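The values are calculated or read from the model by the stated rules, or taken from the named source; none is laboratory data. Fair warning: this is a prediction, and the values are worked out from it, not measured in the lab. Neighbour counts run over all protein chains shown; Cβ positions are idealised from the backbone, glycine included. In case anyone asks, the SASA skips ligands and DNA or RNA and just uses the protein heavy atoms, side chains included. Shrake-Rupley method; radii C 1.70, N 1.55, O 1.52, S 1.80 Å.
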Amino acid sequence: MDSLERQLYVDSVEFSYDAHKPILTGVHIQCEIGEIVGLLGRNGCGKSTLLKIIFGLVNTKNAFIRINNKRYKKGYLSKNICYLPQHNFLPNYLTISAVIRLMVKDLTKQNALLEQDEIISKIRHQKVADLSGGEKRYVELMLLLQQDADFYLLDEPFSGVSPYVQAQIQQVILANGNDKGFIISDHHYHAVLGIA
């Protein structure tokens, strides 16, 4: 298969909150299946904004986005891209088992998460509200990875997680690295550099 057919290609991204302070100018980034790309930079330099632009949550005048050789105005329209936002997105009143049953349609994948995953199997009967920040982050990532997408934009996947959960997240990303592409932004840049 041609490499363009399995590639996230983003170019010419321009963004500013006001006309006198550009945040992003002429940004280019690309990711192919099998790549883990680290997006590093200081606070406020536009890393999260770039991920939101690629996914389609933030509008901008100029951005060229091509996913698997097809152009999109908003990445989510391709269904070949998933986005892990900085903030938690799981409903607090549901148990982990209920969330998995809602978000993962394949019964084999559901059972694998609930019965075989070392972290999830221990917390599956707990409500989302009762989990630690690291446990929530891990569950969110695992749910996204069950979706049928080629590319994953991860914004702060290591934020608020213990060293143990951080290592587990790194292992999960590496284990999926052969057939998926990742762009990861995180202030814990050592965790990103360890796998990118």
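General remarks:
- For V128: the one exception among (1) β-branched (V, I, T); (2) surrounded by 20 or more Cβ atoms within 10 Å (Cβ to Cβ); (3) more than 24 Å from L51 (Cβ to Cβ): (3)
- Complete set of residues in the range 87-135 that are more than 22 Å from A167 (Cβ to Cβ) and small (G, A, S): S97, A98, A129
- Test result for V13, in contact with a Ser or Thr (Cβ under 7 Å, 6 or more places away or on another chain), surrounded by 14 or more Cβ atoms within 10 Å (Cβ to Cβ), assigned to a loop (DSSP other than H, G, I, E, B) and aliphatic (A, V, I, L, M): no
- With respect to (1) open to solvent by 80 Å² or more (accessible area, probe 1.4 Å); (2) under 22 Å from I195 (Cα atoms); (3) of a type in the set (S, T, N, Q); (4) not in a loop (DSSP other than H, G, I, E, B), the lone exception for T25 is condition (2).
- Residue identified as under 30 Å from V13 (Cα atoms), crowded, with 16+ Cβ neighbours inside 10 Å and touching a residue at least 24 places away in the same chain (Cβ under 8 Å) among Y72, Y152: Y152
- Options L77, L8; residue that is open to solvent by 50 Å² or more (accessible area, probe 1.4 Å) and of a type outside the set (D, E, K, R): L77
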